[in-house]
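**Q** First the structure, which I've put down as structure tokens, then a few questions once you've had a look.
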Amino acid sequence: MIKVKRFIFNPFQENTYLAWDEETKETAVLDPGCLERREEEELSGFIDSEKLNIKYLINTHCHIDHIFGNAFVKLKYDCEFYAPEKDLELLNNMKTQADAFGVKVKLSPKPDKLVNTEFTLKLGGVEMEFIFTPGHTPGEYSIYLPVGKICFTGDVLFKEGIGRTDLWGGDYSTLMNSIKNKLLTLPGETIILPGHGDESTIEYEREHNPFL
């Protein structure tokens, strides 16, 4: 059984997630947005209290608010770090992104592996599928867990909203294609866990999302 914990970090109110297999405690940190020491301590404190084994650090995409905590997580837990290949330019320009908002950051390490195809990772016996969903950024992936019917949608699909396309590499038609042909085709009961805001379901978004 997969369990999920959400943290809301940094001035952008970004959702950082821990997803773990309850039996083995194997855990993925998704889009660590912890910027301040107290946020790092909140994240690590929970990990310690649950005795979680951090196996993966995964970026759905590489906008600044989703990668603030990359250095902290990688250094502290020495886990495998995955990032989208087509978002490497964003990752490599982390300081430029941060300077635009007047924020001081710990620069992200380089990924151990690049996400460049639809492949799977495992937490215990639970598979995590990577679904290529560009449009908000050139390389963004959503992460789908068929067993729990959970999908981490990054900044592609929100509750009653969609990702911005006015930032570097954004493209509206590409985003809408990703949503309609990659996400809305998932089972209706699939829970979506976005990069900002509250959770929803695919069925709810099909019926109530004003952008769709």
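The values are calculated or read from the model by the stated rules, or taken from the named source; none is laboratory data. It should be emphasised that the depicted structure is a prediction, and the values quoted were computed from it without experimental measurement. Counting neighbours? That spans all protein chains shown, and the Cβs are built from the backbone with ideal geometry, glycine included.
**Q** Looking at the stretch 136-169 only, could you name the residues that are in a loop (DSSP other than H, G, I, E, B), at pLDDT 95 or above and more than 11 Å from T190 (Cβ to Cβ)? First the steps, then the outcome.
**A** Filtering the stretch 136-169 for residues in a loop (DSSP other than H, G, I, E, B) gives 136-140, 146-149, 155-156, 159-160, 163-169.
Subsequent filtering for residues that are at pLDDT 95 or above retains 136-140, 146, 149, 155-156, 159-160, 163-165.
Residues satisfying the conditions are H136, T137, P138, G139, E140, D155, V156, K159, E160, G163, R164, T165.
**Q** Which count do you get for residues in the stretch 1-57 that are over 20 Å from F81 (Cα atoms), of a type in the set (S, T, N, Q) and in contact (Cβ under 8 Å) with a residue 40 or more places away in the chain?
**A** 2
**Q** Test L186 against the stated conditions and say whether it is among the aliphatic types (A, V, I, L, M), at pLDDT below 95 and either more than 21 Å from G33 (Cβ to Cβ) or part of a loop (DSSP other than H, G, I, E, B) (or both).
**A** Values: among the aliphatic types (A, V, I, L, M): yes; at pLDDT below 95: no; either more than 21 Å from G33 (Cβ to Cβ) or part of a loop (DSSP other than H, G, I, E, B) (or both): yes.
In short, no.
**Q** Do you know which of the residues in the stretch 113-135 that are part of a strand (DSSP E or B) and among the charged types (D, E, K, R) is surrounded by the most Cβ atoms within 10 Å (Cβ to Cβ)? Give the derivation first.
**A** As a first pass, look at the stretch 113-135 and keep what is part of a strand (DSSP E or B): 113-115, 120-123, 126-132.
Pick out the ones that are also among the charged types (D, E, K, R) and you get 113, 122, 127, 129.
Values: K113: 13, K122: 13, E127: 13, E129: 15.
Only one residue tops the list, namely E129.
**Q** When you scan the stretch 163-178, do you find a residue that is touching a residue at least 40 places away in the same chain (Cβ under 8 Å), in contact with a strand residue (DSSP E or B) (Cβ under 8 Å, 6 or more places away or on another chain), crowded, with 22+ Cβ neighbours inside 10 Å and not hydroxyl-bearing (S, T, Y), even just one? Show your work before the answer.
**A** Just the residues of the stretch 163-178 that are touching a residue at least 40 places away in the same chain (Cβ under 8 Å), to begin with: 167-169, 174-178.
From what's left, in contact with a strand residue (DSSP E or B) (Cβ under 8 Å, 6 or more places away or on another chain): 175-176, 178.
Subset that is crowded, with 22+ Cβ neighbours inside 10 Å: 175, 178.
If we keep only those that are not hydroxyl-bearing (S, T, Y) as well, we get 175.
Yes: the stretch 163-178 contains one or more residues that are touching a residue at least 40 places away in the same chain (Cβ under 8 Å), in contact with a strand residue (DSSP E or B) (Cβ under 8 Å, 6 or more places away or on another chain), crowded, with 22+ Cβ neighbours inside 10 Å and not hydroxyl-bearing (S, T, Y).
**Q** Sticking with this one: Hey, does the stretch 93-100 have a residue that's charged (D, E, K, R) and closer than 18 Å to A28 by Cβ?
**A** Within the stretch 93-100, the subset charged (D, E, K, R) is 95, 99.
If we keep only those that are closer than 18 Å to A28 by Cβ too, we end up with none.
Scanning the stretch 93-100, I find no residue that is charged (D, E, K, R) and closer than 18 Å to A28 by Cβ, so the answer is no.
**Q** Next question, about the same structure. Scan the stretch 193-203 residue by residue and report those that are of a type outside the set (D, E) and either surrounded by fewer than 16 Cβ atoms within 10 Å (Cβ to Cβ) or under 14 Å from the mean Cα position of the chain (by Cα) (or both).
**A** Answer for the stretch 193-203, where residues must be of a type outside the set (D, E) and either surrounded by fewer than 16 Cβ atoms within 10 Å (Cβ to Cβ) or under 14 Å from the mean Cα position of the chain (by Cα) (or both): L193, P194, G195, H196, G197.
**Q** Within the stretch 41-66, how many residues turn out to be in a helix (DSSP H, G or I) and either among the hydrophobic types (A, V, I, L, M, F, W, C) or farther than 15 Å from G154 by Cα (or both)? Lay out the reasoning, then the answer.
**A** Here is the first cut: in the stretch 41-66, the residues in a helix (DSSP H, G or I) are 41-49, 64-66.
Next, only the ones that are either among the hydrophobic types (A, V, I, L, M, F, W, C) or farther than 15 Å from G154 by Cα (or both) stay: 41-49, 64.
Total satisfying the criteria: 10.
**Q** Can I ask one more? Does the stretch 67-78 contain at least one residue that is assigned to a helix (DSSP H, G or I) and closer than 19 Å to L175 by Cα?
**A** If we filter the stretch 67-78 for residues that are assigned to a helix (DSSP H, G or I), which is where we start, we get 70-77.
From the residues that got through so far, the ones that are closer than 19 Å to L175 by Cα too are none.
No, the stretch 67-78 contains no residue that is assigned to a helix (DSSP H, G or I) and closer than 19 Å to L175 by Cα.
**Q** Looking only at residues in the stretch 179-192 that are in contact with a helix residue (DSSP H, G or I) (Cβ under 8 Å, 6 or more places away or on another chain) and crowded, with 17+ Cβ neighbours inside 10 Å, which one is farthest from D87 (Cα to Cα)? If you could, list the steps in order and put the result at the bottom.
**A** First pass over the stretch 179-192, keeping only residues in contact with a helix residue (DSSP H, G or I) (Cβ under 8 Å, 6 or more places away or on another chain): 183-184, 186-190, 192.
Among the residues that remain, those that are also crowded, with 17+ Cβ neighbours inside 10 Å are: 183-184, 186, 190, 192.
Working: L183: 20, L184: 23, L186: 24, T190: 26, I192: 22 Å.
Here the residue is T190.
**Q** Looking at K182, is it over 15 Å from the mean Cα position of the chain (by Cα) and on the phi > 0 side of the Ramachandran plot?
**A** Details: over 15 Å from the mean Cα position of the chain (by Cα): yes; on the phi > 0 side of the Ramachandran plot: no.
Answer is no for this residue.
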